[in-house]
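K.L.:
Structure provided below as structure tokens; questions to follow.
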Amino acid sequence: MRILQGVVTSLKMQKTVTVTVTRYKKHPKYQKRYLVSRKYHAHYEGEQALALGDKVAMLETKPISKLKHWLIISPAQETKLIAQAQVKRNDQREASLKLKGLKDERSATLAVRKRKINSNKRKATLAATPAAAAPEAPAPEAPAPEAPAAPVENKS
């Protein structure tokens, strides 16, 4: 269940509005943040009339038509859904901590740090120990260089 927030950009269709969602994206190489916009078609049958430029929240739903997969929700529904999502996320986090045998968030963080430290220690010891030295084969002897030939006199 995803919730997106955007701005109404078109009201020309019946029971459908076009919403532009703008978000920041980070360039993978240069780490600069830049704006990316995307338009979504959302279903709307509300009593309140929407106007161009209104900020709205959309909830992802099953496909309503070829292009519509979103539903415009009221601000009251939005806060309720966000609260439900946070509770669900917290429950999932607690369940995963129980499976790992950890008490709380702090012990989970400490366990991760401990694993990193042990991993770094292992890497350091592997780098410090010399690799198993294989017996070196004797280098092949190079043939002795030949003496330069004596210059031949040209008799003409």
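All of the numbers you see were taken from the coordinates with simple rules; none came from a lab. This is a predicted model, so every value here is computed, not measured. Note that we place each Cβ from the backbone using ideal geometry, even for glycine, and neighbour counts take in every protein chain shown.
K.L.:
Please list, by residue number, every one of the chymotrypsin sites (Phe, Trp or Tyr not before Pro) in the range 2-96 that is coil in DSSP and has at most 11 other beta-carbon atoms within 10 Å.
P.N.:
The qualifying sites are 30.
K.L.:
Dipole size in debye (nearest 20) for the chain around its Cα centre, Lys and Arg Cβ +1, Asp and Glu Cβ -1?
P.N.:
900
K.L.:
Rounding to the nearest 10 and keeping the result within 0 to 90°, find how far the Cα-based axis of helix 105-128 lies from the longest principal axis of the chain.
P.N.:
The two axes meet at around 10 degrees.
K.L.:
Comparing 55, 66, 32, which has the greatest mean-square fluctuation in the GNM of the chain with Cα pairs linked when under 10 Å apart?
P.N.:
In this elastic network of the chain, the residue with the biggest mean-square fluctuation among 55, 66, 32 is 32.
K.L.:
Evaluate the charge dipole of the range 74-123 about its Cα centre and quote only its size in Debye, nearest 20, assuming +1 on the Cβ of each Lys and Arg and -1 on the Cβ of each Asp and Glu.
P.N.:
Approximately 660 debye in magnitude.
K.L.:
Then there is this: Which is farthest toward the positive dipole end of the range 3-73 among 10, 28, 70, measuring Cα position about the Cα centre, with Cβ charges +1 (Lys, Arg) and -1 (Asp, Glu)?
P.N.:
28
K.L.:
Sequence-distant or interchain residues sharing an amide H contact under 5 Å with residue 16, placed H: which?
P.N.:
44
K.L.:
A further question follows. Between rounded, prolate and oblate, where does the chain land on the alpha carbon gyration tensor, with a ≥ b ≥ c its root eigenvalues, rounded for a/c under 1.5, else prolate if a/b exceeds b/c?
P.N.:
Oblate is the answer for the chain, as a/c is 1.5 or above yet b/c matches or exceeds a/b.
K.L.:
Hey, what angle do you get for helix 75-100 against the long axis of the chain, alpha-carbon based, 0 to 90 degrees rounded to 10?
P.N.:
40
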